[in-house]
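Have a look at the structure below before the remarks.
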Amino acid sequence: MAMLEITDLIKEYPGGLRALDGVSLTVSEPQVVAVIGSSGAGKSTLIRCINRLVEPTSGSIKLGGQELTSLNRRALRGARSRIGMIFQEYNLVERLTVMENVLSGRLGAVSFWQAFRRNYPADDVAAAFELLDRVGLEGRHDTRADALSGGQRQRVGIARALMQKPDLLLVDEPTASLDPKTSRQIMRLIVELAHERDTPALVNIHDVALAQASSDRVIALKDGRMVFDGAPDGLTPDVLNDIYGEEDWNATIRKGDDDDDDNDNTGKSTLNIAGIIGRAVIAE
Amino acid sequence: MIATGHAKTYPDIWRRFSPLESAVRFFWFVIVIFVAVWSLRNLDITWVYFLDAHIQAGDLLTRMFPPDWGHTGKILAPLLETIHIATLGSIVTFVISIPLAFLSARNTTPNWATWFIGRFILVSSRSINTVVWALIFVAIFGPGAMAGIWAITFRSIGFMGKLIAEAIEEVDEGAVEAIEATGASRLQVLLIGVLPQVLPVILGTTIYRWDINIRESTVLGFVGAGGIGIELYSSINLFLWPEVAVMLFAILGVVVISEFVSATARQRIT
Amino acid sequence: MSPPATTPVAYPRVWKNPPVFLTNPALRYGFWLAVGFYLFWSTGSLDIDWARAARGLPRAGDMLARMFPPDFSRSELLIRGIIESLQMAFAASFIGMIVAIPIGLAAATNLAPKPIYLAARGIIVLSRTFHEVIIAIFFVKIVGFGPLAGLLTLIVASVSFISKMIAEDVENMNMGQIEAIKATGASFTKLLVYAVQPQILPRYLGVCIYRLDANIRHSTVVGIVGAGGIGMTLSATFKRYDYDFSLAILLTIIALVFIGEIFSTWIRSRLR
């Protein structure tokens with residue numbers, strides 16, 4: 001049985017904008033699927049339709065055989081608790097500690113009072129400590145989330161998603177707010193964890209080189225339609241021209257797209273150094 | 001300006017506002033003056049009383065001195081009651097206003113009807129002055145501190161509810177979305193996603209309101225709702241000005257101290 | 001998936017969130033103990049007639065029953081009171097906004113000499129400390145019952161509020177602009193018009209509108225001690241158990257305050 005099966009998914013926003021125009025996608029093995037495409041191509045809408053943070057207009061989404069589009073609120077919460085999500089802006093509750101944020105991944109499994117008293121089952125606590133260790137935040141469990149750097153916050157976000165023991169990971173531009181070096185570290189962490197835990201992951205990503213280097217499969221969206229689905233090697237300049245429009249892609253494909261304009265508050269000189277380190281990180 | 005290549009011509013007149021802008025400003029100015037004059041002329045005021053007001057005021061002040069410090073012991077208990085009314089009222093307000101704020105914030109209210117009810121409670125609570133609330137509760141509970149506490153509470157929930165609801169409407173939606181995506185229930189989303197974000201606002205406004213409530217509770221006694229106002233009102237009506245002076249000094253002290261406490265406590269909230 | 005059971009000893013199975021406030025446990029427990037003691041003590045020491053309070057609920061029901069339907073038949077009395085309240089609010093706001101200017105400027109450290117500053121601050125602190133109703137009752141004693149006492153009360157409250165805001169704004173002013181205008185050789189009054197006024201005018205007008213809004217609310221209450229306006233009528237209805245008329249007055253006040261608030265928000269949004 002396919003792990004995730006999307007059939008003819010359509011999302012039309014009020015006002016008539018068709019963000020998704022008949023997308024079909026089947027993921028039948030635990031693989032990392034990179035979703036590429038220019039801004040506004042529907043990447044974010046696709047991911048948010050799966051756990052229905054955005055309500056799809058029509059079509060079918062099956063997770064492990066269960067139809068998600070027709071679930072009522074209560075059943076939807078159950079389904080959401082089996083889908084981990086990682087966000088571009090990390091979306092931590094800033095004023096809570098790292099541990100509280102990680103354990104919030106278990107909210108679907110505990111009662112209101114347990115959540116109120118922060119009284120989580122011992123297994124969950126142990127699993128949370130293990131995950132913090134795994135993502136490289138050992139000993140930081142009592143730090144408040146707003147005291148962490150961007151990369152550290154994203155690590156907490158990853159731990160929170162994996163705390164759900166998900167059947168599927170939805171990852172929305174995990175690196176777009178990070179510098180190139182941290183981007184690569186975070187991406188590598190997500191890919192490793194997905195493979196370790198045999199969890200399929202759908203990763204929206206801007207950075208073509210990073211997508212190629214880290215994924216098992218790439219799909220590309222353009223104007224709400226799927227225009228590419230295949231192995232990362234299949235992304236030839238012709239294909240990229242088709243997805244993004246005319247550009248000299250050879251430089252991007254060979255050297256890696258380090259001058260991604262999403263990198264915020266990074267000075268020019270540090271950018272180059274980070275780019276070099278970034279390539280070394282991927283190469284190792 | 002036309003660049004002809006010849007010598008430039010400069011305008012002879014410069015005005016800060018265009019004629020229309022000036023007209024609009026003048027129009028507003030006239031309206032304000034007109035309303036003020038109309039109000040003053042139509043008030044039923046006997047201006048003769050105003051002429052010797054400074055003499056009366058001076059007379060009142062001289063009668064107050066020296067203050068009757070022997071009276072200090074007798075006002076300690078009512079003064080304490082004033083503080084108790086303000087504090088207990090603030091605590092009850094704290095408990096009531098949090099759910100009310102969630103009901104009145106657009107992004108957390110269950111539906112438009114609950115939102116409307118929440119907003120209506122907030123507006124009514126804030127429109128009616130504490131002293132008027134006190135009138136109502138004295139009629140219900142009889143004179144005493146009980147009426148005072150409820151008067152303070154009913155006036156404060158509107159104030160705090162409004163500020164907290166505004167804070168709730170401005171929370172980081174990303175964090176809320178992330179908690180929703182974990183499969184959390186609606187209440188859990190409010191508890192883990194929203195409440196921590198607005199907690200500093202809740203604590204800050206509670207302390208701020210407590211400070212205001214101290215001041216408000218000094219006059220509750222005028223309508224019989226407990227506190228130092230009872231003694232103050234009766235002393236004023238009996239023209240016991242030296243006693244009144246002592247009470248005014250006591251109120252001044254308590255208000256200044258509570259303002260200081262409130263400011264210090266609010267600074268420590270992060 | 002790696003179930004937590006594979007690492008049974010390596011990771012702690014118990015976790016408690018660190019206390020946010022009062023990290024010392026003795027102090028923290030002490031604090032909560034003190035809170036508990038305070039609640040016990042304060043509720044115990046209050047002079048509450050519990051038997052009377054217990055009758056409160058049925059009485060409240062009885063009162064509500066008498067309140068409905070609200071009685072708007074004495075509309076002439078109602079309208080006269082409301083208009084008097086409004087007139088007090090308008091006039092007090094106008095006089096207040098003018099008188100507040102010199103006092104506000106005098107209460108700014110960066111403009112006024114020390115003695116003047118202290119005097120102005122003293123006036124502001126003193127008038128802010130006492131509740132409007134206390135000030136109102138003194139004015140009633142000085143000028144007698146009626147709207148004049150209410151007007152004077154609202155003027156005092158407006159002046160202390162607006163002048164405090166002016167003083168704060170002037171103190172937070174950009175001093176570079178002051179220096180630049182001073183450097184042109186401008187006199188003190190020219191300095192006020194050219195460097196001070198443009199910086200504080202929008203906020204000043206906003207504060208005045210806000211104060212008008214507040215005055216409308218307060219004008220409904222000073223009447224309770226005899227200082228004019230609808231409050232006098234309202235407190236009389238309570239004394240006469242005339243609750244259906246009370247409710248009519250209360251509803252009118254709510255509507256008035258609501259309209260006033262919408263008006264003030266609208267004006268203030270246009271000032272920006």
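The values are calculated or read from the model by the stated rules, or taken from the named source; none is laboratory data. Because the structure is predicted, anything quoted here is derived from the model rather than measured. Please note: Cβ atoms are built from the backbone with ideal geometry, for glycine as well, and neighbour counts cover all protein chains shown. Accessible surface areas use protein heavy atoms only, side chains included; no ligands, DNA or RNA. Shrake-Rupley method; radii C 1.70, N 1.55, O 1.52, S 1.80 Å.
Miscellaneous remarks
- Each listed q (0.10, 0.11 Å⁻¹) maps to a log10 I(q)/I(0) for the protein assembly as shown from the Debye sum over equal C-alpha point scatterers, namely -1.12, -1.20.
- Report note on the peptides C:143-149, C:265-271: ranked by the mean count of other C-beta atoms within 10 Å, highest first, their order is C:143-149, C:265-271.
- Overall, segment C:75-271 carries a charge dipole of about 400 debye about its Cα centre when +1 sits on the Cβ of Lys and Arg and -1 on the Cβ of Asp and Glu, all other atoms neutral.
- Charge dipole (Cα centre; +1 on Lys/Arg Cβ, -1 on Asp/Glu Cβ; no other charges) of chain B amounts to roughly 440 debye.
- Span from the segment A:177-223 Cα centroid across to the segment C:7-39 one, whole angstrom: 41
- Projecting the Cα atoms of A:VAL32, A:PRO14, A:GLY78 onto the charge dipole of chain A, computed from C-beta unit charges around the Cα centre, puts A:GLY78 farthest toward the positive end.
- Cut-off 11 Å between beta-carbons: net charge of the residues surrounding C:ALA227, Lys and Arg +1, Asp and Glu -1: -1
- Counting only heavy atoms of the protein chains and using a 1.4 Å probe, A:MET187 has close to 10 Å² of accessible surface.
- Centroid-to-centroid separation of segment C:145-176 and segment A:2-81 [C-alpha atoms, Å]: 59
- Cα shape, segment B:121-162, gyration tensor, a/c 1.5 rule: prolate
- A helix-only calculation puts chain C at -24500 deg cm²/dmol for mean residue ellipticity at 222 nm, using -39500 (n - 2.57) for each DSSP H run of at least four residues, averaged over all residues.
- Dimensionless Rg/Rh of chain C - Kirkwood Rh, Rg from C-alpha atoms: 1.16
- Straight-line cross-link reach from C:LYS114 at under 29 Å between alpha-carbon atoms covers these lysines, not counting any fewer than eight positions away in the same chain: C:LYS164, C:LYS182, C:LYS190.
- The shape of segment A:182-222 comes out oblate: with a ≥ b ≥ c from the C-alpha gyration tensor, a/c is at least 1.5 while a/b does not beat b/c.
- Applying a length cut-off of 30 Å (Cα extent along the axis) and a mean Kyte-Doolittle floor of 0.5 to the DSSP H helices of chain C leaves C:75-106, C:147-171, C:243-271.
- Under the shape rule built on the C-alpha gyration tensor, where the axes satisfy a ≥ b ≥ c, chain A is oblate, since a/c reaches at least 1.5 while a/b does not exceed b/c.
- Restricting attention to the protein assembly as shown, close to 55% of DSSP beta bridges with both partner residues there are antiparallel.
- Farthest toward the positive end of the dipole of the protein assembly as shown, out of C:LEU234, B:LEU61, C:ALA65, is the Cα of B:LEU61, where the dipole comes from beta carbon charges about the Cα centre.
- Kyte-Doolittle mean at least -1.0, axial Cα span of 24 Å or more - DSSP H helices of chain B: B:19-42, B:72-104, B:145-169, B:195-217, B:241-268
- Charge dipole (the protein assembly as shown, unit charges on Cβ, about Cα centre) - positive-most of B:PHE154, C:ALA149, B:PRO99: C:ALA149
- Total charge dipole magnitude, the protein assembly as shown, about the Cα centre, Cβ charges on Lys, Arg, Asp, Glu only, Debye to nearest 20: 2400
- Estimated FRET transfer efficiency (C:LEU77, C:SER187; beta-carbon r; R0 51 Å; 0.05): 0.40
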